[in-house]
Each structure stands twice: as C-alpha cells, then as structure tokens.
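Data block below; observations after.
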Amino acid sequence: MSTTASSISPAEFVRSANSSRVAYAVGGISFGISSVHPAIRLTLDRGVMEFQTEMENCDVEVEADWADHLVLPAGNAVFESGGLWSAYSEHGGLSLYFQTDYLGPAPYKRAWFNPDFTRGRVSLLSRYFTPEIPVYPLEYPLDELLMIHKISSGEGFEVHSCGVVTADGTGRLFVGHSGAGKSTSSRLWLKQPGARVLSDDRIIVRLHDGVPYMYGTPWHGDAGLAAPVRSPVHGIYLLQHGKHNEIVQLPLCQAAAEVFARVFAPYHNPVALTRTLSLVEKIVSLVSVSQFRFRPDESAIEEILLES
C-alpha cells in the first residue's frame, strides 16, 4: 500500500531485507539506493551505469518509496532554482521538491536528506510511475544536486570543466563556463595517443594527503565523454577563445576567484559556501592556474604540451 507524504517522516528509515538495490560511486563517494516498497524496481540512468558499484554500505544511503500525494511546504523556500526544483528546510534536514509545467503544479517527487547528506529518502508520486517499469529515483538533476550538497562540507567541489590525463600520467583541468570550449578541447585531446578525458563538462576535485585529485562524473557535455577514473591535478587552465594560443599564469587571488566562479555550490548555505571557497583557495595554492586563450585546433594542444 502506498504511503502519503504526511503519513511518514522522511527521517524514519525501514530497510526491507528483500528490497531491490542499486549503487554507484562518483568522486570517491558511494551512493546506495534501496526501495522501501516491494513493487519499486530500481535501475540507474544510462550515464550512471558506468559508475555502478556493488557496495552494500555506501557513504550515502537513500530509500525510495511511493507517495499518494505531495504538496509544497507552507513556508518559504530556502532556494528556488527558477526551473525544475526548489529547496526547503524540513524535518531537521533539507527537502528538494521537483515540479514541471507538463504535470501541473503538484510536485512529482520529493527528496529529503539529513544535515550531512549521508541519509535520504525519495518519495515518488505514484500516479506518474508504472510499477513494472524500473525507476531511477535520483534521476538528473537530483543525483548531481546530492553530490554538490554532500561534498560542500569541505570534502570537495564540482567545477564546470573537462579533465584530461595524457599518456605520461599528467592531469590537466580545463575550466570554463558554457561555450568556453570544454567539449571542443576534449575532442582535440582524444586525438592524442594514450590521452583520456574524464569528463567534458563536470569534474569533481578533492584533496587527498595534500594532493589535488580530479574525478570523472556521469554529467557530461556535448561531447558525451565521461569516465569513472581519477588523476592528480598538475595544472589548471581557464579556457577562453582567442585568435592565437597564449598561456598566462594568474596570481593566487585571481586564480581562486576565477575557479570559484565556475564551481557548483549550494548558494543557500553560507557555511557550505565558505568551506567550498576555502578548499578552492587551498587547491589553487598547490597547483598553478593559467588563463589559456586558444585556437580551436590542434595547435592548442601543442601549446599546452610545449609548456610542459
């Protein structure tokens, strides 16, 4: 029997011994999803399947259940995306409500998470789902939103960038807003023997034993490139289209500001923003950051390789 949104608190977890389960890992963090309702069959989105894992006890555990109805809380949202989702402080944690004009004003999905984003519950409005068809409760953008909130405590950050590892093991992070040339650069690097692109649009950056690492993510860009791989970061480049190729190293303060401007962060949370900025400052103090004005052809790759 389906539960209603008001009949069970998202903080109450009842793990069924025979519930279906899927799990994946991104950025060195594992995410497990289990179904509370036996009729819910779980799956992963195509892009996430490459990041699938068999871990039983993940860093983040999420339970999925049906809801007969969902309504927005009466209070003000802590954040409005201006599109698909909004965030509310609720039940001692954070709830994300998802709506679309196509389905009307009522939310079709609610996701609640505890303060450190290690536990959560996703309620799916049952009338919009067919029990026989497997569902991915963390369907984009929820999986990315969960990652952003999880690592914003200082564990790492997600940045608009493409990550490239060349055959000699050198890891380079090319940072840029939409249209800066990340997908173009990724395609050019793929022509280099032994080079691998971790993602052409979104990279997770974390610090391990004083060494910055970049991780591929499933949230790729136009080139459709993603890989569940990590690499040390040896250089960071801010992409900018130009008439000729030019690499200009940036001073520390400017480097931190430019990188932070391209980071995905929970802007409704001042503490998370402060911790994320602090980590960005730490990373750019360890790795050189340069402005890279480039031509969209093979000469751009030659310029980077000559710098090395």
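Bear in mind that the values in this text are calculations on the coordinates, not laboratory data. Since this is a predicted model, take the numbers as computed values, not measurements. All Cβ positions, even for glycine, are placed from backbone atoms using ideal geometry, and neighbour counts span all protein chains on display.
Annotations for the structure displayed:
- Taking 18 Å as the straight-line reach from the Cα of LYS182, the lysines in range (excluding those fewer than 8 positions away in the same chain) are LYS191, LYS243.
- Largest GNM mean-square fluctuation across ARG41, ARG127, ARG295, computed for the chain with C-alpha springs under 10 Å, falls on ARG127.
- Cα gyration tensor shape of the stretch 244-308, rounded if a/c is under 1.5, else prolate or oblate by comparing a/b with b/c: prolate
- Per-residue ellipticity at 222 nm computed for the chain from its helices equals -5500 deg cm²/dmol, with DSSP H segments shorter than 4 residues left out and the rest contributing -39,500 (n - 2.57).
- Note on the chain: GNM, Cα springs under 10 Å; of GLY93, GLY221, GLY75, the largest mean-square fluctuation is that of GLY75.
- Taking amide hydrogens as placed 1.01 Å from N in the peptide plane, the amide H of SER35 sits under 5 Å from those of SER20, ALA64, each at least 5 positions away in sequence or on another chain.
- Multiplying each eigenvalue of the alpha-carbon gyration tensor of the chain by 5 and taking the square root yields semi-axes of 38, 20, 17 Å, largest first, rounded to whole angstroms.
- Working from Cα pairs under 8 Å separated by at least six residues, relative contact order for the stretch 173-292 is 27 percent.
- In this entry, the stretch 21-151 is assigned a mean projected area of 8.0 nm², taken as a quarter of its C-alpha convex hull surface.
- Legend: translational diffusion of the stretch 157-307 by Stokes-Einstein, Rh = Kirkwood radius over C-alpha pairs, 25 °C, 0.890 mPa s; D = 162 µm²/s.
- Relative contact order computed over the chain (Cα-Cα under 8 Å; 6+ residues apart), in percent: 15
- In nm, spacing of pseudo-spin labels at GLU246 and VAL78 (7 Å Cα→C-beta vector): 4.4
- Antiparallel bridges, percent of DSSP beta bridges restricted to the chain (to nearest 5): 70
- In straight-distance terms, cross-link reach from LYS109 covers every one of the lysines whose alpha-carbon lies under 23 Å from its own, apart from those fewer than eight places away in the same chain; here that gives LYS150.
- Fraction of antiparallel bridges per DSSP, the stretch 21-151 only, in percent to nearest 5: 65
- Percent antiparallel among DSSP beta bridges (both partners in the stretch 157-307, rounded to 5): 75
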